[in-house]
Structures are given as C-alpha cells and as structure tokens.
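The next block holds one structure in the form of structure tokens; read it before the comments.
The values are calculated or read from the model by the stated rules, or taken from the named source; none is laboratory data. Everything quoted here is computed from the prediction, not taken from an experiment. As a convention, Cβ positions derive from the backbone with ideal geometry for all residues, glycine included, and neighbour counts pool all protein chains shown. SASA here: full protein model, heavy atoms, side chains in, ligands and nucleic acids out. Shrake-Rupley method; radii C 1.70, N 1.55, O 1.52, S 1.80 Å.
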Amino acid sequence: MAHSPIWDFGRLREKDRLSVLCELQDWVAHTLTDRYRLGGELPECWVEHPRLVAVIVQLHELEVEARRPEEITRWREAAISVARSWAVVCRQHLAVAAPA
C-alpha cells in the first residue's frame, strides 16, 4: 500500500500551505536541529524548494509514526543520510544575498 502524506501541498490552499510550512519550520528547529542536531546544514531557504520541503515532510511523518526504539533508530539513520545530501548551496538565493 502506498504511503499518503499527511500534508499534500498540491491540495492545500495558500493560507493552509503557509500554516503547514510554519509548523514544519518549528519541527525543523526543535526536532531536527535542537534534539537530533541534523538541521545545521539545511539551507535557510528550504521552504522555497518543493523537493526539499517534500523530504522534510516525509522525515516529519516518519518521526511522528516511529514508536518503538528500533523504529526511532531507523528514522535517525535515515535522517542522518538525508541530512548529508541537503548540504548543498542554493545558488539562486546565494546570488540574491551576495553584495554587489
């Protein structure tokens, strides 16, 4: 059976999408960054990148669903693996932030 996401951004109204992004930002700050120390390499502009948002949504859902210690361990291993891949500079936003 295919896993259907808690939040389907394609079906959300703009107001609801912004609310979900706010909730995800809190989760990234408190869970990924503070608790697991995995958000440090996440670009600040991650909310503007749909693929990165989709990864964060999936990590959030898997973490919420993990109940037993072995599930939490598997989630953490997956999160560590994913965190290594998002340490990419966002060229689009870097160009905007660079001094003239």
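A few points about this structure:
- Scan of segment 9-51 for residues that are in contact with a helix residue (DSSP H, G or I) (Cβ under 7 Å, 6 or more places away or on another chain), more than 17 Å from Ala79 (Cα to Cα), outside any helix (DSSP H, G or I) and open to solvent by 50 Å² or more (accessible area, probe 1.4 Å), ordered by number: Leu12
- Selection of segment 1-35 for residues being at pLDDT below 85 and either closer than 18 Å to Trp86 by Cα or of a type in the set (Phe, Trp, Tyr) (or both) yields Trp7, Phe9.
- All positions within segment 52-82 that are open to solvent by less than 70 Å² (accessible area, probe 1.4 Å) and not in a helix (DSSP H, G or I): Ala66
- Any hit, segment 49-64, residues being more than 22 Å from Leu12 (Cβ to Cβ) and at pLDDT 85 or above: no
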